[in-house]
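Enquirer: Pasting a structure below so you can have a look.
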Amino acid sequence: MLSTALLASNATEKTDFVDLDVPAWAWFAVAAVVGALLLLDILVLHRESHVPTFRRAIGETAMWIAVGVAFGLVVIGAWGGQAGSEYFAGYLIELSLSIDNVFVWALLLSYFAVPREYQHRVLFWGIFGAVALRAIFVFGGVALVNRFEWILIVFGVILLYSAVQLLRHDEEDEVDPDRNIAFRLVRRLIPSVNEYDGQKLFTLRDGKRFATPLLAVLVMIESTDVLFAVDSVPAVLALAREQFIVLTSNAFAILGLRALYFLFADLRDRFTFLQQGLAAILAFVGVKMIVSEWVTVSTAVSLLVIAVVLAVAIVASVLKPPAEAAG
């Protein structure tokens, strides 16, 4: 039986995290599913350039969340409740932290005046790159934690610092091309034009290939995602240590970000308490990592804290009168 073949071993006494024996075919199966979902998105759902309606954005967001939840149920059926709790904790914290990422995307696309009908394509390639980057961060982070237990304290301090910065920083600083090394390198090394050519990253002019502004936008999206990964991957590592769980929870959360963008991008000013909520989550997880050697906080408790803080921040933002929120 599948559940027998994929049965998780007991969590170690030291870490209190589930330890899975994941067969190679399971990794290939997940890669195939993620690849199929990406192809479905670009070849079927968004084959032609268009501006998604608010209703469609809601439908696609619900679809992607359903996919993430469905995989979590598969994890529970194959490896048990502890593995499922760790997956859902990682999925929820990645999804919540990604909302801030969505708002930065909105500023980027606005800064470069990207027509709305072309935004999905550049975000698609941004998501594709983000999944690949997260895989590198996840495998590297887990390897560091397994080899150097004290690195948890370093990760915890990073999260606490990130929480403080989240309360103090202005997202507009992150979209300044003059301060982005990757953007300056692309502009210097690749001949570029200032006009868009549909959804193309490159265009032909007099038989020569030039980069369109969409390539610059893509570079900015990928470089900002590196900064977000520095926060989100250590945060998930505080809730799970199994590479399969950490990577899949990240991947399935990231897959739905394009739909979230079209759903939330214009509502940034309404979520006035979201940054405080995300800062509180990062601070909680950071403290959890720092004291993990002496105090054990169960994944279930962590999941509850994250869910409650996120819900309170969103509800408080929604209930706050628009005029007061704007002020």
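Enquirer: Just a yes or no: is a residue in the stretch 209-220 of a type in the set (A, V, I, L, M, F, W, C) and within 14 Å of Leu92 (Cβ to Cβ)?
Expert: Within the stretch 209-220, the first condition is being of a type in the set (A, V, I, L, M, F, W, C), and the residues that meet it are 210-211, 214-220.
After this cut, where a residue has to be within 14 Å of Leu92 (Cβ to Cβ) as well, the list is none.
No, that holds for no residue.
Enquirer: What are the pairs, 6+ residues apart or on separate chains, where a residue within the stretch 208-232 that is touching a residue at least 40 places away in the same chain (Cβ under 8 Å) has its Cβ under 8 Å from a residue that is assigned to a helix (DSSP H, G or I) and among the acidic types (Asp, Glu)?
Expert: Thr224/Glu174; Leu227/Glu174; Phe228/Asp100; Ser232/Glu94
Enquirer: Could I ask something else about it? I'd like the full set of residues that are part of a helix (DSSP H, G or I), modelled with pLDDT of 85 or more and closer than 11 Å to Val138 by Cβ, limited to the stretch 202-254.
Expert: Gln243, Phe244, Ile245, Val246, Leu247, Thr248, Ser249, Asn250, Ala251
Enquirer: Only one of these conditions is not met by Ala300: (1) surrounded by 18 or more Cβ atoms within 10 Å (Cβ to Cβ); (2) within 17 Å of Tyr91 (Cβ to Cβ). Which number is it?
Expert: Failed condition: (1).
Enquirer: Is there a residue being crowded, with 19+ Cβ neighbours inside 10 Å and among the small types (Gly, Ala, Ser) anywhere in the stretch 193-209?
Expert: There is no residue in the stretch 193-209 that is crowded, with 19+ Cβ neighbours inside 10 Å and among the small types (Gly, Ala, Ser).
Enquirer: Please give the number of the condition Asp16 fails out of (1) touching a helix residue (DSSP H, G or I) at 6+ places or on another chain (Cβ under 6 Å); (2) in a loop (DSSP other than H, G, I, E, B); (3) at pLDDT 70 or above.
Expert: Result: Asp16 fails condition (1) only.
Enquirer: Suppose we filter Ala57, Ala24, Ala31, Ala89 for residues that are more than 25 Å from Ser223 (Cα to Cα) and free of Cβ contacts under 8 Å to residues at least 60 places away in the same chain; which single one remains? Walk me through it before giving the result.
Expert: Values: Ala57 fails: free of Cβ contacts under 8 Å to residues at least 60 places away in the same chain; Ala31 fails: more than 25 Å from Ser223 (Cα to Cα); Ala89 fails: free of Cβ contacts under 8 Å to residues at least 60 places away in the same chain.
After ruling out the rest, the residue left standing is Ala24.
Enquirer: Looking only at the stretch 213-226, how many residues end up being more than 13 Å from the chain's Cα centre (by Cα) and over 15 Å from Tyr111 (Cα atoms)? Step through it out loud before you land on a result.
Expert: First pass over the stretch 213-226, keeping only residues more than 13 Å from the chain's Cα centre (by Cα): 213-220, 223.
From what's left, over 15 Å from Tyr111 (Cα atoms): 223.
Adding up the residues that qualify gives 1.
Enquirer: Return the total of residues in the stretch 143-155 being buried (at least 18 other Cβ atoms within 10 Å of the Cβ) and under 28 Å from Val219 (Cβ atoms).
Expert: 1
Enquirer: Could we say that Leu73 is of a type outside the set (Gly, Ala, Ser), surrounded by fewer than 16 Cβ atoms within 10 Å (Cβ to Cβ) and either closer than 30 Å to Pro52 by Cβ or modelled with pLDDT under 80 (or both) here? Reasoning before the result, please.
Expert: Numbers: of a type outside the set (Gly, Ala, Ser): yes; surrounded by fewer than 16 Cβ atoms within 10 Å (Cβ to Cβ): yes; either closer than 30 Å to Pro52 by Cβ or modelled with pLDDT under 80 (or both): yes.
Against the criterion (of a type outside the set (Gly, Ala, Ser), surrounded by fewer than 16 Cβ atoms within 10 Å (Cβ to Cβ) and either closer than 30 Å to Pro52 by Cβ or modelled with pLDDT under 80 (or both)), Leu73 qualifies.
The values are calculated or read from the model by the stated rules, or taken from the named source; none is laboratory data. The shown structure was predicted, so the numbers you read here are calculated from the model rather than taken from an experiment. Note that we place each Cβ from the backbone using ideal geometry, even for glycine, and neighbour counts take in every protein chain shown.
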